[in-house]
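This report concerns only the one structure given below.
Rule-based calculations on the coordinates, nothing more; no lab input. Please read all numbers here as calculations on a predicted model, not as lab measurements. Virtual Cβ from ideal backbone geometry, glycine too; neighbours counted across all protein chains shown.
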Amino acid sequence: MDSSAARGATAQDLARKQREISVAEFFEKNRQILGFDSPQRSLATCVKEAVDNSLDACEEAGLLPDIYVEIRRAPGDAANLFRVIVEDNGPGIVAEQVPRVFGKLLYGSHFHVIRQSRGQQGIGISACVLYAQLTTGRPALVLTKTAPDRPASRVELTLDTRRNEARVLRREEASWDRPRGTRVELEVRGAYFTGRRSVPEYLRACAIVNPHARITFLDPEGMEARFDRSSDHLPRLPGESKPHPGGTEMGTLLKMVEHYAGALGEFLQGEFARVGPKTAREIADAAQMDPQMRVGDLTRGQAQRLVESFRRVKLLPPSADSLSPIGEDLMFRGLQKGVTADFISVVTRPPGSHGGHPFIVEVALAYGGAAPREEKVEVLRFANRVPLLYQPGACALTHAVERVHWRPYGLDQSGESLPQGPALLLVHLASTHVPFVSESKDAVADIPEVLAELDLALKQVGRDLKGFLSKRKGIEKRREKEDLIQRILPKLAEKVGGVLQRPPPDTAPVVARIMGNLLLQRDGARLHAANHGEAPRRFHLAARSHQVRKEWDLSLEPGARRTLDFPADHVHVEGLPAEMVTLGRGLAPLDDGKSPRGPVTRVHNPGRREAPAGPTSSSLAPLPRTGATGKRETSPTTLAAFSAEPEKPEEATRP
Amino acid sequence: MSPPKTPRKPASGNGNGKAKKLVGLVELLYSQMEKGEIPSLDVATRTKQNIEYSESSGVWVYGDATSSRSAKTARGALQLLKTTSVVEFLKHQLEVDKSSTLRELYYISENWEDAKFPDQNESDRLIEDLEILVELQREQFHIRSEESGASILGPLEIRERTRRGPKKIHCEDDVGESGYTIPTQVDNIEFLRHDARMVVAIETGGMYDRLVENGFHDDNDAILVHLKGQPSRGTKRLLKRLHGELNLPILVFTDGDPWSYRIFASVAYGSIKGAHLSEYLATPGAKFIGIQPSDIVAYKLPSDKLTDQDIQALKAELTDPRFDTPYWKKEIQLQMDLGRKSEQQSLAKYGLDYVTDTYLPERLQALGALKK
Ligand SMILES: Nc1ncnc2c1ncn2[C@@H]1O[C@H](COP(=O)(O)OP(=O)(O)O)[C@@H](O)[C@H]1O
Ligand SMILES: [Mg+2]
């Protein structure tokens, strides 16, 4: 008996079975790591990958994204088959490229560029095509157009998993009423839900951090949801940057070396960020190598030494130019649009770096409004502007929130867990390399540098919240007092007059004095304005006398008084909350619709928002610099709703 | 805001003048509001930190500290509304010549909505405020208290003006065992004649009855007055008049505990809450018989342990200007050291006659009130 034959295969047998495993085959068997584990999640992943691509493409082309998403039940009886359609107004894709973009895994424009983008590895959309094909056998349908005067091209394709190539089933010219853009249609197996971690949640979160995008969503029931733009400014397109030595691994270095013909010194200076002649020399010295040696002659051992010396030599941190944070202004607008809140505080931290990769942390807190009081706060996590929906418990962005002691800032918390209260937290990490814990890109790893920055940002919004809450308490007290005073004083006047059998005295001047208000009083043919408050008051006064209307811009120091020769009977004050103005006898509120502005709303203006740049209907408008370094330090937080400052930014600048 | 300047002329008997004084307060509020000022009234602060000794009258009166009832706060505004409502009511009461009690006033305020008093303490205090502000006693604007007046028994004949006409009463011959009850309006009494050499004011009913039964008033030509605990204004006023008009020494006989010393102090110097009336009610010449803490030792009296409240009260008395004398400092300190207190009736340890045969004669001798 040949025992070996009984026991198993010989080397020859094995050799017969050994062959290349294509990436596509690999992912076919391991699709969960790409975000296709449950039917619900798979559906969301398809939407996400397509929408990410659309946003990336539009921004790179300098176009304000206008994205249409539709999920439709596939014809037939199967309840778990859906058609996913994502359409954008982006630059389109050159026809010849379509098969590679959609039918080849690990093919894309982002991988070899060091700058922040949503897509990275070039597996996003082709993995979706693959998933569609595996679950329904249906090809992907791509319609794309690159210029208004050129025809669109329509491509039907599947993915040849063996060869990692596209199999084009049909390709034709087509007409499309859009000037340019791309439309992707996939038929997939999935499950449609609303609520947490659903497609609509993902789109809502997307809209919050992309206030420059318009997103329209038609759900399987035919209901349309529209997330409108709250900003006409594209985020600044980050610059590309060279690799920073601190983040360069052995593999990357070897690849860079491969095609380089020159000396080591030049190589270091020319191919890396933050390396000048002096640093190049230091690196070479630390690796005990000659800067003049030819890079092509580098041995593995030398390369190893070089990577080690990268870590030892002191380097400037990587530049943040390749990053595109959302910015405080746009975060504010996104939240203002997306949630109801009494108060919003936003922080964009100065850049930091982890392992040679620059990063910026951003945090926003929206408090009050319709947020539930008794529940844990909602934490919206984002990495490079992409909402993270899964594995919150494994994510550094969640951990950082849990590690802050929120009680002193006015939120309940039990132990090291998410705080509780009517608040929503937005946490964003922007980096040329987001350190995800796994390939499914659900959770950010606990990198100490990132956690430290998050902590600072969270505490900053915490302090703002505390300030807001204590101010609001003061306001509530004031209002309570005013209510009482407004009830009691007229009664007192009535009673005092009654006892003396005289007309009751006008209580307005007394109320103004007690509450520290601005008092407007008619006195014969004149109108008096007196500031009884403790702060100077600047305001715009509109008054009417019969049919004559007049307006003034006034500024009154505490205790000061102005007399205007105008026998007003109706008045209106702009720039002060209504409860800070008291009208004397014979004056009525002016409400003729001609008032330049409505009442001041109580929305917190964090004060460090940037004023938007001029009219912006065109996508060619200069990109505003949003969110940048050090801004936080230069502009103090003010609570506009409770100072006399009006709400809208253009009003704030009025002299 | 300076305190209101109310005319200082003496209270006239006619309701109109008193009403005018009250209405003066309202006029002040009116003119403040008319000028756009925050209406406010300043009233003397009624705490022990703000009572001071008046050299001229020998009693404790309010110092210069004032508290303001100002509409600056919602509470203050409400207080002024209540004040005005009370004035309106009093004005009407004076116009129709009716009177009401403190308790009735409190109930009347039920209909005043926001100006309604939450409890009688507050309406009582407001009446005291008004007394200070317009320098009238509440009786003068026809507000009485419920408390019944003192019982008095002894060789004194009086005439009382009653609604049924004047009545002549001898306080020993014309009365029963418990004596004559003094009306709330003590100034309606006229002293006709007397054979007394002293007035003994007694805290407890038990001891008052004992002295009557033992014939102390007869043997010593004494007028006995039952204080009934903390004496009413009427009782204090009576004692002051007996002292002032008949030149009789006033001797106060109480239990030996901190609360009883306060009874004595309010007879002799006036009370903290009523210092605005001191000159009308206090009898600076009144003397304290006992029970003194030193009596507990000297007479080996049965005694009880001081409670925590007793000790707190004694400590408070050490900082009370009315007890700021060497005598009181020594006695209070002694009591704190002893940690004990004794009642008047503990003298019964030595028999029922001991108080009249031994204790009182010894104490009166010591006070120089008994010359035998
Ligand atoms: N809607 C689109 N408009 C223009 N270009 C697109 C669009 N979708 C994808 N692309 C291009 O196809 C490439 C591959 O996309 P994908 O497989 O999702 O990889 P990744 O986004 O990681 O780069 C992208 O890098 C981009 O260049
Ligand atoms: Mg992608």
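Okay, here's what the table says:
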quantity: Note, ³J(HN,Hα) from phi for the stretch A:403-412, Karplus 6.51, -1.76, 1.60, rounded to Hz, x at Gly and Pro; calculated: 7, 6, 7, 8, 3, x, 8, x, 10, 6
quantity: Where Cα atoms sit under 19 Å apart: lysine pairs in the stretch A:405-516 separated by 8 or more or lying on different chains; calculated: 5
quantity: Note, ³J(HN,Hα) from phi for the stretch B:50-66, Karplus 6.51, -1.76, 1.60, rounded to Hz, x at Gly and Pro; calculated: 10, 10, 9, 7, 9, 4, 5, 10, x, 10, 8, 10, 6, x, 8, 5, 10
quantity: Computed lengthening from A:Val548 to A:Glu378, 0.36 nm per intervening residue step minus Cα-Cα distance; calculated: 55.9 nm
quantity: Cleavage-rule hits, trypsin sites (Lys or Arg not before Pro), the stretch A:252-338, DSSP coil, Cβ neighbours within 10 Å at most 12; calculated: A:Lys314
quantity: Distribution of pairwise C-alpha distances over the protein assembly as shown, 20 Å bins, in %; calculated: 10, 25, 21, 17, 15, 9, 2, 0
quantity: Calculated FRET efficiency for the pair A:Thr252/A:Arg312, C-beta based, R₀ 22 Å, to 0.05; calculated: 0.75
quantity: Simple Cβ-charge dipole of the stretch B:210-328, Lys/Arg +1 and Asp/Glu -1, about Cα centre, in debye nearest 20; calculated: 420
quantity: Average beta carbon contacts from partner chains per residue of B:83-93, 10 Å cutoff; calculated: 2
quantity: Lys/Arg +1, Asp/Glu -1 at C-beta; the protein assembly as shown dipole; positive extreme among A:Thr161, A:Leu335, A:Leu500; calculated: A:Thr161
quantity: Two-decimal log10 I(q)/I(0) for the stretch A:202-278, as the Debye equation yields it once each C-alpha is a single scatterer, q = 0.10, 0.14, 0.20 Å⁻¹; calculated: -0.53, -0.65, -0.86
quantity: B:Lys48 paired with A:Leu237, simple spin-label distance in nm, labels 7 Å along Cα-to-beta-carbon; calculated: 8.5
quantity: Amide hydrogen neighbours beyond the local backbone of A:His244, cut-off 5 Å, H modeled; calculated: A:Ala273
quantity: Residue-span extension gain [B:Thr319 to B:Asp221] - 0.36 nm each, minus C-alpha spacing; calculated: 31.5 nm
quantity: Shape box of the stretch A:268-365 [Cα atoms, principal axes, largest first, Å]; calculated: 63, 20, 19
quantity: Using θ = phi - 60° and Karplus 6.51 cos²θ - 1.76 cosθ + 1.60, couplings along the stretch A:239-245 (whole Hz; Gly, Pro as x); calculated: x, 7, 9, 7, x, 8, x
quantity: All-pairs alpha carbon distance profile, chain B, 10 Å steps from 0, percent; calculated: 5, 22, 29, 24, 15, 6, 1, 0
quantity: Pairs from B:Lys82/B:Lys116; B:Lys168/B:Lys240; B:Lys240/B:Lys341; B:Lys240/B:Lys287 whose Cα-Cα separation, in the structure shown, is over 18 Å; calculated: B:Lys168/B:Lys240; B:Lys240/B:Lys341
quantity: Charge context of A:Val581, other residues only, Cβ under 11 angstrom, K/R +1, D/E -1; calculated: -1
quantity: Under 5 Å, built H, 5+ apart or other chain: amide partners of B:Thr283; calculated: B:Ala268, B:Tyr269, B:Gly270
quantity: Sequence-separation-based contact order of chain B, relative, with Cα cut under 8 Å and 6+ spacing, percent; calculated: 14
quantity: Size of electric dipole in the protein assembly as shown: Cβ of Lys, Arg +1 and of Asp, Glu -1, about Cα centre, debye, nearest 20; calculated: 1940
quantity: Within a Gaussian network of chain B (alpha carbon springs, distance under 10 Å), most fluctuating of B:Thr204, B:Thr325, B:Thr283; calculated: B:Thr325
quantity: The stretch B:151-367: projected area of the alpha-carbon convex hull, averaged over directions, in nm²; calculated: 11.8
quantity: Net length gained if the chain between A:Glu402 and A:Arg305 were fully extended (0.36 nm per residue, minus Cα distance); calculated: 30.9 nm
quantity: Dipole of chain B, positive direction: furthest Cα of B:Ile311, B:Pro39, B:Leu277, with charges on the beta-carbon; calculated: B:Pro39
quantity: Under the Debye formula (equal points on every Cα, no solvent term), log10 I(q)/I(0) of the stretch B:15-144 at q = 0.12, 0.14 Å⁻¹; calculated: -0.48, -0.66
quantity: Share antiparallel - DSSP beta bridges, the protein assembly as shown, percent rounded to 5; calculated: 80
quantity: Amide proton proximity set for A:Phe343, modelled H, under 5 Å, gap of 5+; calculated: A:Tyr367, A:His604
quantity: Test item: Cα-centred dipole of the stretch B:151-367, Lys/Arg +1 and Asp/Glu -1 on Cβ, debye; calculated: 820
quantity: Charge dipole (the protein assembly as shown, unit charges on Cβ, about Cα centre) - positive-most of A:Pro317, B:Leu78, B:Gly24; calculated: A:Pro317
quantity: Inter-chain Cβ neighbour average for residues A:479-485, partner chain, 10 Å; calculated: 3
quantity: Sparse-neighbourhood loop sites, trypsin sites (Lys or Arg not before Pro) in the stretch B:147-252 - DSSP loop, at most 15 other Cβ within 10 angstrom; calculated: B:Arg163, B:Arg164, B:Arg197
